[in-house]
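The values are calculated or read from the model by the stated rules, or taken from the named source; none is laboratory data. This one's a predicted model, so the numbers in the text were calculated from it and none came from an experiment. With ideal geometry, Cβ positions are generated from the backbone for all residues, glycine too; neighbour counts draw on all protein chains shown. We work out accessible area using only protein heavy atoms, side chains counted, and drop any ligands, DNA or RNA first. Shrake-Rupley method; radii C 1.70, N 1.55, O 1.52, S 1.80 Å.
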Amino acid sequence: DSSIANEDSFNVSGLTDNGTGDYTVAINNDMANDDYSTATHASHFHFLYNKANTTASTVRFATNNGSSSVDTQECGVQVCGDLA
């Protein structure tokens with residue numbers, strides 16, 4: 001199954017699949033800026049946080065197997081910071 005789904009949506013307004021292993025989470029109530037911290041996890045793969053494409057209203061991240069982008073069955077992002 002190549003579709004993405006949100007299993008717990010606290011302060012999440014949507015998800016975007018940008019391509020293989022490349023995802024964006026839309027934040028419902030924006031953060032004060034893009035300088036917040038994140039905690040992440042992915043099942044059986046490396047997890048990358050992409051600061052260049054992250055804003056006060058989105059978090060973009062990617063999963064890979066060390067050499068190429070891959071979709072993973074489960075991954076998560078926790079955002080810690082000040083709300084706007």
- [ ] Test each condition in (1) at pLDDT 90 or above; (2) farther than 24 Å from D82 by Cβ for S2 and report the one that comes out false.
- [x] (1)
Open item on the list: The conditions are (1) small (G, A, S); (2) open to solvent by less than 30 Å² (accessible area, probe 1.4 Å); (3) touching a residue at least 24 places away in the same chain (Cβ under 8 Å), and S57 fails exactly one of them. Which is it?
Closed with: (2)
Open item on the list: Quick check on L15: is it at pLDDT below 90, open to solvent by 30 Å² or more (accessible area, probe 1.4 Å), within 14 Å of V77 (Cα to Cα) and touching a Phe, Trp or Tyr at 6+ places or on another chain (Cβ under 8 Å)?
Closed with: no
Open item on the list: Consider the range 26-73. How many of its residues are aromatic (F, W, Y) and either at pLDDT 90 or above or within 21 Å of N11 (Cα to Cα) (or both)?
Closed with: 3
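Yes/no matrix, rows are residues, columns are (1) hydroxyl-bearing (S, T, Y); (2) in contact (Cβ under 8 Å) with a residue 40 or more places away in the chain:
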position	(1), (2)
S3	yes, no
D17	no, no
A32	no, yes
D71	no, yes
TODO: Please go through the range 21-46 and pick out each residue that is farther than 16 Å from T58 by Cα and open to solvent by less than 80 Å² (accessible area, probe 1.4 Å).
DONE: G21, A42, S43, F45
